[in-house]
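Read the structure below first, then the notes.
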Amino acid sequence: MQMLKLRPFLISALLLSLLGCASVPPGGSGAIARISPEDLARILPKPEPKLPPAELVRLSREGTAAKDIIARIKETGSSYALSASQLIDLHNQGVGTEVLDYIQSAREQELRDRMAEEINQREQRHADELQREQELRRDFYYYDPWWPAYPGYGWYPGYPFRPFGGYYWRR
């Protein structure tokens, strides 16, 4: 007899749990936000070599040490986007492999830093949006489904289950 009274409650709990499994995740559709070509151009602007490649060739031919050339590149803040054939041409013109390796590694590090910065900015914007949404939900009057009394408060085994009406559900 007691089991017959609990059957509707158990069925409704089962249906609600299945409904929760079929819902959309809180982030929305779960689609990946792609970077547009305009954003990519903004994130990765064309490098400006303040020390042109011809100057690198001249310094190398004069016998300047690779460490000094790398120091000069660092102090001028030059960055290069050289293709493989341009690197081979520079090497054939006398620029040392240490300098060319530094140019490539500096470019790769610059790209990594800019992409990481963009990812951090996007994650921060997403976190801000989630926080605003949570604040709106918290302040919304109907957010808490058990608002006036939580299950178990004032309930007893013979109490009829009234999910949308009754004395506990009025404001």
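Overview of values
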item: Tally, over region 102-128, of residues that are of a type in the set (D, E, K, R) and open to solvent by less than 100 Å² (accessible area, probe 1.4 Å); result: 8
item: Odd one out for Tyr168, checked against (1) assigned to a helix (DSSP H, G or I); (2) modelled with pLDDT under 90; (3) under 36 Å from the mean Cα position of the chain (by Cα); (4) not basic (Lys, Arg); result: (3)
item: Helices (runs of 4 or more DSSP H) wholly inside region 3-117 containing at least 2 residues that are under 30 Å from Arg132 (Cα atoms) and at pLDDT below 90; result: 37-43
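The values are calculated or read from the model by the stated rules, or taken from the named source; none is laboratory data. Quick caveat, the model's predicted, so the values are computed rather than measured. All accessible areas refer to the heavy atoms of the entire protein, side chains included, with ligands and DNA or RNA removed. Shrake-Rupley method; radii C 1.70, N 1.55, O 1.52, S 1.80 Å.
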